[in-house]
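Visitor: This is the structure I have questions about; it appears just below.
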Amino acid sequence: MTTGVTHNGPIHAPQPATQNRLTDLKYRFPARYLASWGALLLLLVFAVAVAPASLGGNSVRVVSALAGVLALAAMGQMLVVMLGAIDLSVSAVLAASAGVVVHYGVPGANLFLVIFAALVLSVAVSIVNSFFICVLRLNSIIVTLATYGIVTGGMLLWTGVSFSLTGEAPEKLQQISQWAFLNINTCFVAALVVGLVLAAVLSYTRAGRRVAQVGSNPRAARALGVRVTLVQMSTFAAVGLLYGISGVLLAGFIGTPDISIGAPYQLATVTAVAIAGLVFSGGPTSVASLLVSCVFLQLLDQALVVAGFSTGARIVIQGFALVVAVAAITISQYGLAGIRRIGALQLGRPLK
């Protein structure tokens, strides 16, 4: 007499360990997050071949500083996009933060209190945005565009174009923002530290994970007991803080900022978010990909300047790079989906 187990269906080979690892990587590092890394790699090849001076000491110092400032502002934009919105007031908030530091950071003033006031103003503006967007449910683009006009006009009436009589940022702030170690500027180091903290909060804390949950499906999050409005407004407060830090560091790095200091960052932050592979309808994100996309954008501009391209040509090339990067994200997603289908067929598993 023999005993055993009778199989009514086909016997499939166990899934290889390699396939398990690939599946794990697929969820940890989706294809859309890889475009910025590939773009930076191609840019480095281009810079070495065409504009090697863009990778020199002084150039790296400038690129790292501006990439750090952009990364801090783009992290704020990233949090807004995670909620399914877009913030067009970023340039005005940066200018307001820089304006407070320059206007009140006169010799003899308490620099810590001045910077604290600049950050409080930035957070307050962002919270006002969140009230209209999250509580009154108004369109985020319209609200933040109106905020941009109001804050910019208010700064012009209050401080004028140059923020003060001298227009100079506090000397101590300039020393901090312009300091570099191995040609890596302080602003980039600050962006790395903030990025690590932000990534840890979003990935390993309940409050951080709720940001992605609310952005992906606010109704489902509310049904699960999440206080959606509180999460949204708290996130906007963090956004304002990031904008404020970015504006303070940028004022110190430039030395003599004016009302137009934040102008490049209104669309640059959206571009960085797009290249990083974020979904504008809301949901999870990758801080590492965002940092890489910011380095890519600043290094691209620097390499084009060194290579002798005109301003118009640089704008055209940067726009083309954005289209290619976003297209690469879509193509890679379809390509990986096809590879997974083929792998499923070979393993005899049903398609999902």
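Visitor: Stretched out fully, how many nm does the piece from Leu157 to Ile127 gain, at 0.36 nm a residue minus the Cα gap?
Guide: 8.6 nm
Visitor: Once the whole set of protein chains is in place, how much accessible area is left on Ile176, using a 1.4 Å probe, in Å² to the nearest 10?
Guide: We get 90 Å² for Ile176.
Visitor: Top to bottom by accessible area (1.4 Å), largest first, where do Trp179, Trp158 land?
Guide: Final ranking, largest accessible area leading: Trp179, Trp158.
Visitor: Under the √(5λ) rule applied to the eigenvalues of the Cα gyration tensor, what semi-axes describe the equivalent ellipsoid of segment 158-272? Give them in Å, descending.
Guide: 34, 18, 11
Visitor: Sticking with this structure for a sec: For segment 63-187, what is the Kirkwood estimate of the hydrodynamic radius, computed as the reciprocal of the mean inverse distance between distinct Cα atoms, to one decimal in Å?
Guide: Value: 15.7 Å, from the Cα pair sum.
Visitor: Modelling each spin label as a point 7 Å along the Cα-to-Cβ direction, I'd like the Val120/Thr166 distance in nm, to one decimal.
Guide: 2.4 nm
Visitor: Could you list the residues of segment 238-268 with an amide nitrogen less than 19 Å from a label point located 7 Å from the Cα of Leu113 in the Cα-to-C-beta direction?
Guide: It comes to no residues whatsoever.
Visitor: Determine, from the Cβ-Cβ distance of Leu138 and Leu224 and an R0 of 35 Å, the FRET efficiency 1/(1 + (r/R0)^6), rounded to the nearest 0.05.
Guide: 0.85
Visitor: Tell me, what ³J(HN,Hα) does each residue in segment 67-83 have, in order and in whole Hz, if you take phi through Karplus 6.51 cos²θ - 1.76 cosθ + 1.60 with θ = phi - 60° and put x for Gly and Pro?
Guide: 5, x, 4, 4, 4, 4, 5, 5, 5, x, 4, 4, 5, 5, 5, 4, 8
Visitor: Name the residue farthest towards the positive end of the dipole of segment 83-213 from the options Gly108, Gln213, Thr166, assuming +1 on Cβ of Lys and Arg, -1 on Cβ of Asp and Glu, about the Cα centre.
Guide: Gln213
Visitor: Which distance in Å, rounded to a whole number, links the C-alpha centroids of segment 219-264 and segment 148-163?
Guide: After rounding, the separation between the Cα centres reads 19 Å.
Visitor: Carbon and sulfur together cover what percent of the accessible area of segment 211-295 at a 1.4 Å probe radius?
Guide: 64 percent
Visitor: Just to check, using Stokes-Einstein with a Kirkwood Rh over alpha carbon pairs, what's the diffusion coefficient of segment 225-289 at 37 °C and 0.692 mPa s in µm²/s?
Guide: 233 µm²/s
Visitor: Might you report the magnitude of the Cβ-based charge dipole of segment 172-262 about its Cα centre, with Lys and Arg at +1 and Asp and Glu at -1, to the nearest 20 debye?
Guide: Roughly 580 debye, rounded to the nearest 20.
Visitor: Further question: Given a 1.4 angstrom probe, I'd like the percentage of the accessible area of segment 106-197 that is carbon and sulfur, rounded to a whole number.
Guide: For segment 106-197, the apolar C and S fraction of the accessible surface comes to 76 percent.
Visitor: Something else now. Using a Förster distance of 25 Å, how high is the FRET efficiency between Ala327 and Ser203, based on the Cβ-Cβ distance and rounded to 0.05?
Guide: So, using R0 = 25 Å, E works out to roughly 0.30.
Visitor: Please list, in chain and number order, the residues 5+ apart from Asn185 or on another chain whose amide H is under 5 Å from its amide H, with Hs placed from the backbone.
Guide: Ser64, Ala65
Visitor: Per residue, what accessible area does segment 172-289 have, given a 1.4 Å probe and all protein chains present, in Å²?
Guide: 46 Å²
The values are calculated or read from the model by the stated rules, or taken from the named source; none is laboratory data. In this text, all values refer to a predicted model and were calculated from it rather than measured experimentally. Backbone-built Cβ (ideal geometry, glycine too); neighbour counts: all protein chains shown. All accessible areas refer to the heavy atoms of the entire protein, side chains included, with ligands and DNA or RNA removed. Shrake-Rupley method; radii C 1.70, N 1.55, O 1.52, S 1.80 Å.
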